[in-house]
Amino acid sequence: QDPSAVGSSGLAWLLISYGYVLYYASNLISEGSDLLLLIPSLAGLVGGVVLPLLGAVPDGAIMLFSGLGDVEKAQETLSVGVGALAGSTIMLLTVPWALCIYHGRVDFSGPDETPNYKGTPKLKDSGGNWDSTGVALTPEIHHGAKMMMITTLPYFMIQIPAFFLTGDRETVSAGEHYWAMGGFIVCMLFFVIYMATQVKMSNDTAHKLRRMAVIKESLKKGACSLSGALAGQVNHIEDEQIKRRNSGSALNESSSFIDETHETPSKEVTDLLKGILGEAFRGYDQDGNGTLEKKEFSLFLTDFHESVTPDQLDSVFAQFDRDGNNTIDYNEFICACYVIIKEAGHESEHHDNPIEQSIRSIGDLASPVAGNIFHNDEGSEEEEEEVPEDLTSLSPEEQQRAIKRRAFSMLFVGTALVLLFSDPMVDVLSEVAERIGVPAFYVSFILAPLASNASEVIASQYYAAKKTRKTITVALTALEGAASMNNTFCLSIFMALIYFRGLAWQYSAETISIILVQFGMGAWALRGKMSTKTGFIVLSLFPLSVMFVALLEYLGMD
């Protein structure tokens with residue numbers, strides 16, 4: 001529907017409707033990408049390429065459609081795309097960043113006032129001195145900050161000639177023509193380098209932690225069974241260890257030792273299982289004595305949708321209850337889970353066995369422990385949606401195939417919705433700006449990120465609230481990565497529009513604001529820590545950047 005043909009209430013309805021569809025689509029893309037992290041063979045590619053690329057699709061689509069259509073009209077609507085670019089970049093580096101500092105803050109301690117992540121509690125006074133609480137800024141965050149600042153180079157390439165060009169659209173566009181092509185090439189070069197760097201770093205702490213978080217969430221919601229979520233991960237690690245062992249590159253590495261009897265996991269597998277199941281062990285240790293009785297272990301397996309017969313349970317439990325006291329400790333629990341995960345594939349052809357089906361049906365009476373063990377320390381009031389257990393009754397291999405189908409379906413639908421509704425959203429934002437008498441840039445700057453970047457904001461807060469050095473790293477590097485994607489993938493769209501469509505880059509004030517915020521945040525992120533007080537200053541940069549653009553335009557800058 002043509003936005004210019006509706007009244008104010010109709011326009012508001014279109015804005016809300018299109019905004020919600022784009023928000024829903026971006027969530028589908030995010031959730032579909034996360035599901036692919038459960039597929040070990042794709043995890044590195046997904047974490048390094050698919051997640052950052054598809055995360056930029058909603059913003060990129062708005063920017064692309066803002067420059068299509070009649071050239072003269074496209075020159076006007078291009079400001080909507082620039083507003084989306086500036087709003088997305090600046091918003092992600094300020095609002096969610098500040099909220100991450102606030103939710104992830106811990107007390108500073110010691111003579112150097114370093115963040116104390118080992119304290120109990122980590123935050124003694126939630127309303128305390130803002131100078132004495134904050135977060136650690138790790139080397140991974142420093143790397144992300146450097147990458148973000150380096151990738152701003154194309155802004156300088158198009159903006160420097162833009163300072164000296166005046167006249168109508170055709171004159172300015174002609175002067176910027178080859179600069180835009182150069183900027184496009186540099187954008188794509190940086191984009192490829194960034195993707196390659198992310199793939200290379202796919203096994204670093206931040207990427208591993210994100211994969212663990214996705215697995216935990218899938219287990220908590222019952223979206224797949226214990227073996228369905230972990231069998232592929234374990235097998236992938238062991239296959240890689242065998243390759244390294246056969247190549248002679250890891251003969252002396254204890255982590256590459258693989259027990260052919262499948263009774264003892266290697267160190268790397270043990271670290272994976274402990275990272276995911278450590279909270280589960282504490283959750284099912286009902287009396288808190290550091291061990292699990294057989295009934296507690298049985299409840300754990302039932303809640304995590306493992307079809308283990310009573311005889312199998314007795315056998316596995318006896319195998320690791322080496323002192324015969326009818327309990328297993330934490331390390332024995334990890335080994336027992338490893339055995340069950342490894343044997344699940346061999347038993348999968350019997351998953352229609354009536355005895356196993358009767359055990360699986362006990363899941364309807366399972367305790368609420370499984371839904372609570374992966375919550376953060378501060379608890380959660382969020383109501384869990386009911387997830388169909390259509391995957392948990394399948395074998396691990398079948399679950400992996402079903403996860404792939406579901407993930408690609410979500411990615412396809414999400415991307416299709418973005419492509420269908422970005423163009424009308426651009427028209428709606430332009431019409432809103434015209435009716436309220438405000439330049440389209442400001443309307444898009446405020447409203448576009450609410451629809452296209454909501455998933456990044458929510459995800460960053462989820463990780464930050466865990467209050468660990470690793471999780472704050474995941475949260476903040478994701479925000480830096482989103483800014484780098486805007487500097488490469490999204491900005492390349494503008495460079496292409498200027499070169500191929502003959503549009504003019506006349507956004508000096510907006511460009512200066514984007515660059516200043518990125519370099520300011522980059523300089524802050526290169527420090528060793530960030531206090532809560534600094535976090536509130538970061539938050540203020542979002543409204544201040546809008547006012548700064550308005551001031552520069554008032555002073556005569558385009």
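The values are calculated or read from the model by the stated rules, or taken from the named source; none is laboratory data. Fair warning: this is a prediction, and the values are worked out from it, not measured in the lab. Note that we place each Cβ from the backbone using ideal geometry, even for glycine, and neighbour counts take in every protein chain shown. Please note that ligands, DNA and RNA were not included when accessible areas were found on the heavy atoms of the full protein model with its side chains. Shrake-Rupley method; radii C 1.70, N 1.55, O 1.52, S 1.80 Å.
Quick check, is Ile16 in a helix (DSSP H, G or I), without any contact (Cβ under 8 Å) to a residue 24 or more places away in the chain, of a type outside the set (Gly, Ala, Ser) and within 21 Å of Pro439 (Cα to Cα)? Lay out the reasoning, then the answer.
On the way: in a helix (DSSP H, G or I): yes; without any contact (Cβ under 8 Å) to a residue 24 or more places away in the chain: yes; of a type outside the set (Gly, Ala, Ser): yes; within 21 Å of Pro439 (Cα to Cα): yes.
Considered against the rule, which asks whether it is in a helix (DSSP H, G or I), without any contact (Cβ under 8 Å) to a residue 24 or more places away in the chain, of a type outside the set (Gly, Ala, Ser) and within 21 Å of Pro439 (Cα to Cα), Ile16 comes out as yes.
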Checklist outcome for this item: If we keep only residues of the stretch 159-204 that are among the small types (Gly, Ala, Ser) and not in a helix (DSSP H, G or I), then the residue farthest from the chain's Cα centre (by Cα) is Gly167
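If a residue has to be part of a helix (DSSP H, G or I), open to solvent by 10 Å² or more (accessible area, probe 1.4 Å) and not acidic (Asp, Glu) to count, how many in the stretch 323-341 make the cut? I'd like the intermediate steps shown before the answer.
We begin by selecting, within the stretch 323-341, every residue part of a helix (DSSP H, G or I); these are 330-341.
Filter once more, keeping what is open to solvent by 10 Å² or more (accessible area, probe 1.4 Å): 330-332, 335, 340.
Narrowing the set further to residues that are not acidic (Asp, Glu) leaves 330-331, 335, 340.
Final tally of qualifying residues: 4.
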Checklist entry - What's the number of the condition Phe320 fails, among (1) free of Cβ contacts under 8 Å to residues at least 24 places away in the same chain; (2) open to solvent by 30 Å² or more (accessible area, probe 1.4 Å); (3) within 26 Å of Glu238 (Cα to Cα)? => result (2)
Checklist outcome for this item: Subset of the stretch 527-558, residues of a type in the set (A, V, I, L, M), farther than 22 Å from Ala465 by Cα and open to solvent by 70 Å² or more (accessible area, probe 1.4 Å), comes to Leu544, Met547, Leu551, Leu555
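Give the residues of the stretch 434-459 that are at pLDDT 85 or above and of a type in the set (S, T, N, Q), sorted by residue number. Lay out the reasoning, then the answer.
Here is the first cut: in the stretch 434-459, the residues at pLDDT 85 or above are 434-449.
Correct list: Ser444 only.
Within the stretch 32-43, is even one residue within 22 Å of Phe494 (Cα to Cα), in a helix (DSSP H, G or I) and open to solvent by less than 10 Å² (accessible area, probe 1.4 Å)?
Restricting attention to the stretch 32-43, the residues satisfying the condition of being within 22 Å of Phe494 (Cα to Cα) are none.
Scanning the stretch 32-43 turns up no residue that is within 22 Å of Phe494 (Cα to Cα), in a helix (DSSP H, G or I) and open to solvent by less than 10 Å² (accessible area, probe 1.4 Å).
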Checklist entry - Which of the residues spanning the stretch 286-317 are touching a Phe, Trp or Tyr at 6+ places or on another chain (Cβ under 9 Å), among the charged types (D, E, K, R) and farther than 19 Å from Pro396 by Cα? => result Lys294, Glu296
Item to check | Which numbered condition Asp112 fails, given (1) free of Cβ contacts under 8 Å to residues at least 12 places away in the same chain; (2) in a helix (DSSP H, G or I) | outcome: (2)
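Can you confirm whether Ser409 is small (Gly, Ala, Ser), more than 26 Å from the chain's Cα centre (by Cα) and surrounded by fewer than 22 Cβ atoms within 10 Å (Cβ to Cβ)?
On the way: small (Gly, Ala, Ser): yes; more than 26 Å from the chain's Cα centre (by Cα): no; surrounded by fewer than 22 Cβ atoms within 10 Å (Cβ to Cβ): yes.
Considered against the rule, which asks whether it is small (Gly, Ala, Ser), more than 26 Å from the chain's Cα centre (by Cα) and surrounded by fewer than 22 Cβ atoms within 10 Å (Cβ to Cβ), Ser409 comes out as no.
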Checklist entry - Among the candidates Ala136, Ala86, which residue alone is open to solvent by less than 10 Å² (accessible area, probe 1.4 Å) and either out of contact with any Gly (no Cβ under 9 Å at 6 or more places or on another chain) or modelled with pLDDT under 90 (or both)? => result Ala86
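Within the stretch 87-109, restricting attention to residues that are in contact (Cβ under 8 Å) with a residue 60 or more places away in the chain and more than 22 Å from the chain's Cα centre (by Cα), which residue is nearest to Ile472 (Cα to Cα)?
First, the residues of the stretch 87-109 that are in contact (Cβ under 8 Å) with a residue 60 or more places away in the chain: 87-106, 108.
Subsequent filtering for residues that are more than 22 Å from the chain's Cα centre (by Cα) retains 106, 108.
Details: Val106: 11, Phe108: 15 Å.
Looking at residues that are in contact (Cβ under 8 Å) with a residue 60 or more places away in the chain and more than 22 Å from the chain's Cα centre (by Cα), I get Val106.
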Checklist entry - Any chance the stretch 89-108 includes a residue that's in contact with a Cys (Cβ under 9 Å, 6 or more places away or on another chain), buried (at least 22 other Cβ atoms within 10 Å of the Cβ) and assigned to a helix (DSSP H, G or I)? => result yes
Checklist entry - Just a yes or no: is a residue in the stretch 530-537 among the hydroxyl-bearing types (Ser, Thr, Tyr), in contact (Cβ under 8 Å) with a residue 24 or more places away in the chain, within 19 Å of Thr197 (Cα to Cα) and assigned to a helix (DSSP H, G or I)? => result no
